1. Taking the condition of a type in the set (Phe, Trp, Tyr), closer than 30 Å to Asp319 by Cβ and either at pLDDT 95 or above or surrounded by fewer than 18 Cβ atoms within 10 Å (Cβ to Cβ) (or both), does Phe191 pass?
2. Output the qualifying pairs, or none if there are none: Cβ atoms under 6 angstrom, residues six or more apart or on different chains, first residue in segment 339-361 and within 22 Å of Asp50 (Cβ to Cβ), second residue of a type in the set (Ser, Thr, Tyr).
3. Could you count how many residues in segment 329-356 are outside any loop (DSSP other than H, G, I, E, B) and either in contact with a helix residue (DSSP H, G or I) (Cβ under 6 Å, 6 or more places away or on another chain) or among the hydrophobic types (A, V, I, L, M, F, W, C) (or both)?
4. Given (1) out of contact with any Pro (no Cβ under 9 Å at 6 or more places or on another chain); (2) assigned by TED's automatic domain parsing to the domain that holds Ser112; (3) of a type in the set (Gly, Ala, Ser), identify the lone condition not met by Ala232.
5. Which residues, counting only those in segment 245-304, are in a helix (DSSP H, G or I), among the hydroxyl-bearing types (Ser, Thr, Tyr) and surrounded by fewer than 18 Cβ atoms within 10 Å (Cβ to Cβ)?
6. Scan segment 142-171 for residues that are under 27 Å from the mean Cα position of the chain (by Cα) and surrounded by 15 or more Cβ atoms within 10 Å (Cβ to Cβ) and jot them down.
7. Would you mind stating whether Lys291 is over 16 Å from Leu75 (Cβ atoms) and either in contact (Cβ under 8 Å) with a residue 40 or more places away in the chain or out of contact with any helix residue (DSSP H, G or I) (no Cβ under 6 Å at 6 or more places or on another chain) (or both)?
8. Considering every residue within segment 207-214, establish whether at least one is over 24 Å from the mean Cα position of the chain (by Cα) and closer than 30 Å to Val187 by Cβ.
Amino acid sequence: MFIGLVGKPSAGKSTFFKAATLMNVETANYPFTTIRPNSGVSFVRIECVDRDFRKQCNPREGYCREGMRYIPVQLLDVAGLVPGAHEGKGMGNQFLSDLNQADVLIHIVDISGGLNDKGEPVAAGSYDPANDIKFLEYELDMWYYQIFEKVWRRFSYTINQTREDAIKAIAKQFSGLRVTEDIVKAVLKKFELMEKPILTWTDADLKNITKEFRKETKPIIIAANKIDVPGAGENYERVKKQFPEYRIVPCSAESELALKEADKHGLIEYLPGNKDFRVMDESRLSDSQKKALDFIKKNILGKHGSTGVQGVLNTAVFDLLGYIAIYPAGDKLEDSKGNVLPDCFLLPPGTTALGFAYHLHTDLGNNFIRAVDIKTKQSVKKDHPLKHRDMIEIIHSK
């Protein structure tokens, strides 16, 4: 699972990245603070099944606190993209290529309108953040189009001459962009190109096709960052209405980072994604720390229910991608070393019991007999589709 952070300079990408990973990265309010991509581990949150069995799990990766399991995902923060990125402006080509491995993109937008189109500070509210959404769409669409356009003339002639199946050929040629035969077929049907000779496809057809490919292979969620700045709330409500096709989550990466740092140093007890925190020892807090925590509690958690950072990550993985979390388990819920439910895997929608067996180990898939749903104690067949938070034991031949 790979999540890419995108957006223009100074929108808060590096702060979001640091808040999500607690890695030390440079953050500053000027363009191109990030030059080389930052890669780190963050987590999505689910209600752990250990609660159902009144046991405490022992994750091999990630962690579990208060019945909430945090499952690791890879996060990549690239340099800020500016208008003309697909033409190489602002090192755009390099960092667009870095995003190719991402399963989903989080677009960090300064919803306060305090940055111009180049990511330079301006008076809050003087810039329309809706422009950022349009600009990123355009840059990504043009990036995809250029990749296709560079090879299309020769490629289309070859397909025409060899009479190779166009759907299979396109999916094979552009598999590096995660384009599949199903995606190609659906897009060609949408634009009524299934029966149209490939050499007659126009430049407009190509742009339509590549835009749809981008939407399918690089879904985007928008983190409406800096929601605590005066005027940001009004911008958020307006942008939500203007772009109903997007998931837009109000967020304050700076607040999340402050809470996590305070939790790390034992000043408060805070669980990422929670709507509140508990001060451990008020005498250890300075006046400025008390003021900052009071502001977060009143203006972020009180108004929005969370800082939004965990919500953005969860929405990207579970809603946009539709991934499910599956536990490998047996009757005793323990591995050979006595660890309770040590593993939990994120898998794509439609994963079957047999697919899960192969995910665990090739030998388990090759020697698959059946699977057992630990919650229901029922056997399931190899083509049985798994559900979110299933606990599955694989029965196999020796």
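1. yes
2. Leu341/Tyr327; Cys344/Tyr327; Leu346/Tyr323
3. The number of residues fulfilling the criteria is 7.
4. Every listed condition holds for Ala232 apart from (1).
5. Step one: list which residues in segment 245-304 are in a helix (DSSP H, G or I), which gives 253-264, 282-284, 287-304.
Then keep just the ones that are among the hydroxyl-bearing types (Ser, Thr, Tyr); that gives 255, 283, 288.
Ser283, Ser288 - these are the residues of segment 245-304 that are in a helix (DSSP H, G or I), among the hydroxyl-bearing types (Ser, Thr, Tyr) and surrounded by fewer than 18 Cβ atoms within 10 Å (Cβ to Cβ).
6. Pass one, segment 142-171, residues under 27 Å from the mean Cα position of the chain (by Cα): 142-148, 170-171.
Within segment 142-171, Met142, Trp143, Tyr144, Tyr145, Ile147, Phe148, Ile170, Ala171 qualify.
7. yes
8. yes
The values are calculated or read from the model by the stated rules, or taken from the named source; none is laboratory data. Here the structure is a predicted model, which means the values were calculated and not measured. Cβ: placed from backbone, ideal geometry, glycine included. Neighbour counts: every protein chain shown.
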